[in-house]
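Some notes on the structure that comes next.
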Amino acid sequence: MNLFSKLQSIMPANVTPYTPEQLAEIRERENQQFCRESYEHYVSKQVENAMGRSGIAKKHRKCSLDNYATECAGQRRAYNQASAWLSDYLRGTEGGFVFAGTPGTGKNHLACGIANALIERGQSAMVITVSELVLRIRDTYNSNSAITEAAMYRHLGSIDLLVLDEVGVQRNNTNEHVVLNEIINTRSAAEKPTGILTNLNSDQLQGMLGERAIERIMEGDASRWVEFNWPSYRLRRTQAQTRGAA
């Protein structure tokens with residue numbers, strides 16, 4: 001009596017043991033799944049190494065919500081909105097954000113403050129300019145690249161928070177438009193929030209990204225659109241330094 005017959009003789013009548021062929025098929029499926037997961041983990045690490053863990057510039061790694069200067073009513077509103085977004089996100093509320101306004105008004109500081117807070121909690125976050133992002137994806141077209149375009153999009157879709165900086169600097173760029181929409185769609189399907197930092201106003205941003213992309217970013221109760229429309233802090237600091245040197 002072979003093993004299959006022995007098992008069948010001692011098992012309840014309503015239970016049929018796997019045949020040797022079925023067991024071999026199960027083992028083969030498990031082996032293929034293990035190989036697939038191992039390869040995906042390898043590719044994910046390759047992409048992470050290429051992109052950097054956080055993508056936050058060195059000068060912004062110490063940014064936090066607590067050390068954001070609030071010298072005017074607009075800055076206080078922006079701080080409150082950023083803090084509210086972070087609290088909502090940590091409670092599991094969905095939605096992205098758009099920080100829009102003139103350069104030097106603290107959009108990057110608040111966005112990086114949010115990203116740093118998430119990283120401190122063991123989550124993943126990336127703040128990256130659109131031009132750098134497009135360049136990284138373009139690199140995958142190289143025949144020598146170990147990273148495929150699909151793997152790059154999967155990685156970008158899996159990051160807990162992705163903030164896209166300088167959106168709209170390269171206007172009317174078809175490639176940029178395609179890349180941004182693909183990323184926004186991928187992240188929306190994965191229910192991951194996307195942040196946008198831009199100097200464009202609402203009409204200009206919608207004209208560039210399209211209505212559907214904006215809807216996907218702003219979908220959810222946590223979504224925030226914050227206007228940064230006060231004088232540039234960097235410009236005022238430069239002017240003060242110039243006066244001091246005169």
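The values are calculated or read from the model by the stated rules, or taken from the named source; none is laboratory data. From a predicted model like this one, the values you see are computed outputs, not experimental measurements. As a convention, Cβ positions derive from the backbone with ideal geometry for all residues, glycine included, and neighbour counts pool all protein chains shown. When the accessible area is computed, the model is the full protein with side chains, heavy atoms only, and any ligands, DNA or RNA have been set aside. Shrake-Rupley method; radii C 1.70, N 1.55, O 1.52, S 1.80 Å.
Here are the numbers:
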| quantity | calculated |
| --- | --- |
| Filtered residue count, the range 215-232, keeping only those that are open to solvent by less than 30 Å² (accessible area, probe 1.4 Å) and outside any loop (DSSP other than H, G, I, E, B) | 3 |
| Pairs, first under 15 Å from Asn229 (Cβ atoms) in the range 193-204, second among the basic types (Lys, Arg), C-beta under 8 Å, six or more apart | Leu197/Lys107 |
| Tally, over the range 72-92, of residues that are open to solvent by 40 Å² or more (accessible area, probe 1.4 Å) and touching an Asp or Glu at 6+ places or on another chain (Cβ under 8 Å) | 0 |
| Count of the range 99-146 residues which are under 22 Å from Lys192 (Cα atoms) and either open to solvent by 10 Å² or more (accessible area, probe 1.4 Å) or aliphatic (A, V, I, L, M) (or both) | 29 |
| Pairs, first over 10 Å from Glu227 (Cβ atoms) in the range 90-108, second in a strand (DSSP E or B) and of a type in the set (Lys, Arg), C-beta under 8 Å, six or more apart | Gly95/Arg224; Phe97/Arg224 |
| Top-ranked residue in the range 147-188 [being more than 21 Å from Ala111 (Cβ to Cβ) and among the β-branched types (Val, Ile, Thr); ranked as surrounded by the most Cβ atoms within 10 Å (Cβ to Cβ)] | Ile147 |
